[in-house]
Amino acid sequence: MTYSLPIETDRLTLRRYVETDYDDLLKLQSNPAVTRFLLYDPKTPDQVKESLAGRMADVPMDAPDQALTLAVILRETGQHLGEVTLFVQNFEHQGGELGFVFHPESHGHGYAGEASLALLRLGFEELGMHRIIGRLDATNSSSAKLLQRLGMRQEAHFVRNEFLKGQWTDEAVFAMLRDEWKLHTSTTGS
């Protein structure tokens, strides 16, 4: 599958990570407030180096379990705001998964929505995905609201289905089909 990078939106550039993004990624992945709802605890500098190496790799997105993680940069200032990820969740059935993680100081400006919308477009229009989901800790109401604003609908609420960070957690699953994407973009002009 082919796709074009970087992706430019009204205010943002979504691009592959580069080595000079290390400090920004460390700030993101080592922050307990950021990792609170993620599957991992705050990372050490060595763990972030490994993470950065994976993010810099070329990902063809043509096989199961591949993930494309892009740095989200505010074009006006060059500031690293966070990252968005598109996972190949089920290759055979053309399924993807959307993820996003942003620095706390960049919350509330619409950056996550703008970047996520661009990644949905990539998944549906360039990679030909049939269905894209978003999974999250059910107590993460801010992320749930973002997925709803993107036009995704909640499909499931799994009660205490994952044991994370020493406790059972609920998981919410949102989804959008390619047909719904087309309808959403035609009615919103996104």
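A few notes on this one:
Residues checked against (1) surrounded by fewer than 13 Cβ atoms within 10 Å (Cβ to Cβ); (2) under 14 Å from the mean Cα position of the chain (by Cα); (3) among the small types (G, A, S):
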site	(1), (2), (3)
T2	yes, no, no
T20	yes, no, no
L39	yes, yes, no
P42	no, no, no
Q47	no, no, no
T69	no, yes, no
Q89	no, yes, no
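- Within the stretch 94-120, residues that are in a loop (DSSP other than H, G, I, E, B) sit with their Cβ atoms under 8 Å from residues that are small (G, A, S), at 6+ positions apart or across chains, in these pairs: Q94/G128; H103/G82; H107/S142.
- R121 being of a type in the set (K, R), within 21 Å of E92 (Cα to Cα) and either over 13 Å from the mean Cα position of the chain (by Cα) or modelled with pLDDT of 95 or more (or both): yes
- Odd one out for T13, checked against (1) under 20 Å from S143 (Cα atoms); (2) in a strand (DSSP E or B): (1)
- Selection status of A63, surrounded by fewer than 11 Cβ atoms within 10 Å (Cβ to Cβ), free of Cβ contacts under 8 Å to residues at least 60 places away in the same chain and of a type in the set (A, V, I, L, M): yes
The values are calculated or read from the model by the stated rules, or taken from the named source; none is laboratory data. Small disclaimer: the values here were computed from a predicted structure and weren't measured. Neighbour counts run over all protein chains shown; Cβ positions are idealised from the backbone, glycine included.
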